Amino acid sequence: MKVTVDESTCTGCEVCTDLAPDVFEIDDDMISRVKVDAVPSGSEDKVREAVDSCPVACIDITEE
Ligand code: SF4
């Protein structure tokens, strides 16, 4: 699974970083960044939860 965040839409609310801190991090501009090339298998459910929980729906996943 790969995941991307639309930086222009992200509000930096930290929902995704709270759910999957090994995948997302908030940068100095208060935007969520994806810090992995591929989502670790053990974090996939949390990433899907982040997609469903993001208040501005700016996280996209690609299943491989
Ligand atoms: S949940 Fe969405 S809006 Fe909030 S920090 Fe993550 S990507 Fe940005």
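Of everything in the stretch 49-59 that is surrounded by 14 or more Cβ atoms within 10 Å (Cβ to Cβ) and either modelled with pLDDT under 95 or among the aliphatic types (A, V, I, L, M) (or both), the residue that is farthest from the ligand (Cβ to nearest atom) is Val51.
Selection within the stretch 1-48: residues that are hydrophobic (A, V, I, L, M, F, W, C) and in contact with a Pro (Cβ under 8 Å, 6 or more places away or on another chain). The member of this set that is farthest from the ligand (Cβ to nearest atom) is Val23. How about the stretch 1-45: which strands (runs of 3 or more DSSP E) wholly inside it have at least 2 residues that are polar (S, T, N, Q), loosely packed, with under 14 Cβ neighbours inside 10 Å and out of contact with any helix residue (DSSP H, G or I) (no Cβ under 8 Å at 6 or more places or on another chain)? Strands (runs of 3 or more DSSP E) meeting the threshold: none at all.
The values are calculated or read from the model by the stated rules, or taken from the named source; none is laboratory data. Note that this is a predicted model, so its numbers are computed, not measured. Glycine also receives a Cβ, built like all others from the backbone with ideal geometry; neighbour counts cover every protein chain displayed.
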